[in-house]
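Written below as C-alpha cells is the structure these notes are about.
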Amino acid sequence: MLTIGEFSRLTHLSIRTLRRYHEAGLLDPAHVDASSGYRYYDAGQIPTAQVISRLRELDVPLADVRRILLAPDPAVRAHLVGEHLQRLQDQLSRTQAAVASLQRLLRPEPAGVAVELRHAPARRVAAVRGTVTLEEVLPWYAGAMAELDAVVDAPTGPPGGLYDNALFSDGRGDVLVYVPVVAPVPDLGRVQGTELPPAELAVTVHPGTHDTIEVTYGELGRWVADHALAVAGPVRETYLVGPRDTPDADRWRTEIGWPVFRVAGAGPRPD
C-alpha cells in the first residue's frame, strides 16, 4: 500500500487533487483507515490516475471522466473520448478563425477592398433551397452540393449561393446554393431548376480562407454605405476557387455580391 504522499509523487498529482478525485468518485483509495482517515493506494491504480490526469488536461468535465472510466467496453470509451476531442477541435477552429479575423482587423492600415459595380443578368441554374441556422450552413451546403453534383454533369460556371439577410441578423434564414446550367434541369429530390433574377451588385473578391470572410463583408458594406444605396435582397457568393477545387486555403477566391441601388456619383453602369 502507498500513502497518499507516495502515490502523489508517483503520479505527479497533488495530494489536494487526489482528495478531490476521491470526493468526486473518480479514484477511490484502495483503503481508508477508519480511525485516522488516512488514504492508501495500490500501485495498480497508477495507470487510472494517469488516465484521469490526461483527460483533465484536455478539459474533459468530471462527469464525462466518470463515464469514460466506468464504460466497460473499450470501443465505448474510445467513442466518448473521440466526442470530446471533436469538441476541442471545433473549439480550436473557432479560436483560430477569431484570431485570424482580429489580426486582419487590427492591422495599422487596413488595405481595403477593390469593389466593382456590376449588373448580374438573369441566369438559369440548378439549385437546392433550404432554411437553416448559421451553425447549420456548412454541413447543409456540403449536402446540397453533393446532390447538385449527382444531378448536374457539366455546370457552366462555378457554384454559388444566395443568403437571406435574416440568416445574419436573426441567425436563421433562407439559403439557395446552385450551379449554373445551359439547359433546364428536371426536378430530382431537392434539386430544382430555377432562374436567378437579375440584380445590381457591388462586388468584391475575398481571398483565402473563409475564417476571415466577415472582415471582407464589413469592408464591402462600408464601401456600399459610402458609394451606393443597399437594397433588400440576398447577398450572393460565387466560389471562384474553393475547397472543392484545392485544399490550399490560400488559393481560395470567394466573390461577394451586395445588392445595391445606384446613386449619383457611384459611377457609370458597366456594359
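The values are calculated or read from the model by the stated rules, or taken from the named source; none is laboratory data. Model, not experiment: these values are computed from the prediction. Here the Cβ positions follow ideal geometry from the backbone for every residue, glycine too, while neighbour counts run over all protein chains shown.
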**Message:** I want to confirm something. Restricting to region 199-248 and keeping residues that are outside any strand (DSSP E or B) and among the polar types (S, T, N, Q), which single residue is modelled with the lowest pLDDT?
**Reply:** 212
**Asked** Hey, residue 117 hits all of (1) modelled with pLDDT under 85; (2) under 25 Å from residue 199 (Cβ atoms) but one; which does it fall short on?
**Response** (1)
**Item:** Complete set of residues in region 138-160 that are under 16 Å from residue 256 (Cβ atoms) and within 17 Å of the chain's Cα centre (by Cα)
**Value:** 141
**Message:** Suppose we keep only residues that are assigned to a strand (DSSP E or B) and in contact with an Asp or Glu (Cβ under 6 Å, 6 or more places away or on another chain) within region 161-191. Which one would you say is surrounded by the fewest Cβ atoms within 10 Å (Cβ to Cβ)?
**Reply:** 174
**Message:** Condition first: basic (Lys, Arg) and within 16 Å of residue 125 (Cβ to Cβ). Now tell me which residues in region 187-234 satisfy that.
**Reply:** 190
**Message:** I'd like the full set of residues that are at pLDDT below 90 and part of a loop (DSSP other than H, G, I, E, B), limited to region 249-268.
**Reply:** 262, 263, 264, 265, 266, 267, 268
